[in-house]
Structure formats: structure tokens, C-alpha cells
Amino acid sequence: MKEHVDGIVQWLQNQVKASGTKGLVVGVSGGLDSAVVAHLIKRAVPENSLGVLLPIYTSEENMGHAHDVIESCGINDITIDLTDTHKTMYSEIKNQLEESNSFIDANDQLSSANLRARLRMSALYALAANYNYLVVGTDNASEYYTGYFTKYGDGGVDILPIVEFTKKEIREMADYLGVPSDIVRKKPSADLWEGQTDEDEMGTTYDKIDDYLKGKEIPEKDKNIIESMHAKTAHKRDALPRYKRS
């Protein structure tokens, strides 16, 4: 694990140098992946790394864990509460749709959740522009393969330092880096709505996805879910379609 961590840290330093930027910024949610990335960027650019807390109806537990991450790695931090911003923006969108009888109730929860992720992305890029930093992504291999991220939300980043590592490997990396154990062992959640967990939403587990990516046998039901998610989310990983004139 030391070899992996040292390699990522060196890679992060090279990315800063190659881009002509001064440092790195990451959104800290209180979850495992962002905790690991916060520790990594602090090691890479100790004086020019920033952890950003971006609560939107965020639970006290997750806010507490986010503060624990900041304290455990000693990274510079800032908190920008986007709850009112989201409330104002989504209420206006919803009102307009309802007035035109175009609102689809079944899509309400996901639309609202994706807006949260995209507001956070916008805030991170505003901060990155101010400091001349790169925005660092937190997707791991399991999330990236299944497309379990919001396009132009948590997927809207400059670099992806942990995308080659499974969820299990990220837990091992977190232990090595000194991420608080409560965060390492908690149920993964994007905190997109109250009570939301990643595995409930996906219909399979990270352990199954990790095993699938490692070429191990898993139940057919889980295999079908994973392959379906991968196929449906190809547009999130592929380059944007471009019309080519003749």
C-alpha cells in the first residue's frame, strides 16, 4: 500500500506541475472516497490543498464525519452551505414545470439529487478558479465502471487519482492513511437524500462489483445488474458525440 500511495502522491504532484496550477481541491462529504483523496492531496501539496464541505440538507452525522476527515489529515478547509441555493433553484424549476403540467413526479427525487451534485461541482470550480487549483475527483474503479456518479456533478473533475482501485482497496488505503475508522466502516452513501445508500440504490454490493472487476465468479443476478449499469452509463465515460461534417 505504501507503494500505491507514494505513486499517487507523485502523480498528483506531476499533474499540478504539468497543468501550471498551484494546488488541489476536493469536496469532502464525510464518506470514504473523499476522505482518502483529502489525505492524498494533503500529502502531495501540503500548503496548497483544500478540502471543501458543501452541505445540502446534509445529515449531522455526515457533517461530523467530514470535519473528522479535515482534522485527521490537517488539510485547509472551507464550508459553503448550498442548501438555500438548491432550495431556491429547484423550487423555481419545479414550479415552472408544474405550471405547464410538465412535472413528472417519479423523476423528482433523482432530478433534485443530481442538481445537488452539480451545484457542488460548480462551487468547487469557482474555488479552483480563485486559487488556481485542479479539482480532484473521488470516483473509485467500482463506481466508474458502473457509472455510479452524476455526469457534470461528482463526475465533473480535472483528475481521477483513485479510479484504478476497487472499493475494498480504497478501504485498505484509508486504513494505511489514517482515515478515522468510523468513516472506513460506514455504509457508502452519496447523501443524495435522507436514508440513501449506494448499495440499496444500485441493487448490488461493492463486494460483488469488486469481485466482478477482479474476474471472480459472482451470482448471475448481480452480474446482470453490473453489466446493465455499465452499458447504460457508457455516455458518462465516453467522449462527447461530435457531428463530423463531410
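Worth a mention:
- When Lys244, Lys236, Lys208 are screened for being over 22 Å from Gly153 (Cβ atoms) and in a helix (DSSP H, G or I), only Lys208 passes.
- Against the test of being surrounded by fewer than 20 Cβ atoms within 10 Å (Cβ to Cβ) and under 19 Å from Leu53 (Cβ atoms), the options Asn101, Asn130 yield a single qualifying residue, Asn130.
- Selection status of Lys151, touching an Asp or Glu at 6+ places or on another chain (Cβ under 7 Å) and touching a residue at least 40 places away in the same chain (Cβ under 8 Å): no
- When residues in the stretch 158-181 are screened for being surrounded by 20 or more Cβ atoms within 10 Å (Cβ to Cβ) and among the aromatic types (Phe, Trp, Tyr), 1 of them pass.
For every residue, the table says whether it meets (1) part of a helix (DSSP H, G or I); (2) touching a residue at least 40 places away in the same chain (Cβ under 8 Å); (3) among the hydrophobic types (A, V, I, L, M, F, W, C); (4) within 24 Å of Lys22 (Cβ to Cβ).
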| residue | (1), (2), (3), (4) |
| --- | --- |
| Asn107 | yes, no, no, no |
| Ser112 | yes, yes, no, no |
| Asn130 | yes, no, no, yes |
| Tyr144 | yes, yes, no, no |
| Val163 | no, no, yes, yes |
| Met173 | yes, yes, yes, no |
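- Hits in the stretch 35-51 (condition: among the polar types (S, T, N, Q) and surrounded by fewer than 24 Cβ atoms within 10 Å (Cβ to Cβ)): Asn48
Let's see how each residue does on (1) more than 19 Å from Ala113 (Cβ to Cβ); (2) touching a His at 6+ places or on another chain (Cβ under 9 Å); (3) modelled with pLDDT of 95 or more:
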{"position": "Gly195", "(1), (2), (3)": "no, no, no"}
{"position": "Glu199", "(1), (2), (3)": "no, no, no"}
{"position": "Met202", "(1), (2), (3)": "no, no, no"}
{"position": "Gly215", "(1), (2), (3)": "yes, no, yes"}
{"position": "Ile225", "(1), (2), (3)": "yes, no, yes"}
{"position": "Ser228", "(1), (2), (3)": "yes, no, yes"}
{"position": "Ala234", "(1), (2), (3)": "yes, no, yes"}
{"position": "Leu240", "(1), (2), (3)": "yes, no, no"}
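- Residues satisfying the criterion are absent from the stretch 67-79 (criterion: outside any loop (DSSP other than H, G, I, E, B), of a type in the set (Val, Ile, Thr), without any contact (Cβ under 8 Å) to a residue 24 or more places away in the chain and surrounded by fewer than 17 Cβ atoms within 10 Å (Cβ to Cβ)).
The values are calculated or read from the model by the stated rules, or taken from the named source; none is laboratory data. As the structure is a prediction and not an experimental result, all values here were calculated from the model. Neighbour counts are summed over all protein chains in view; Cβ atoms, including those assigned to glycine, are modelled from backbone coordinates with ideal geometry.
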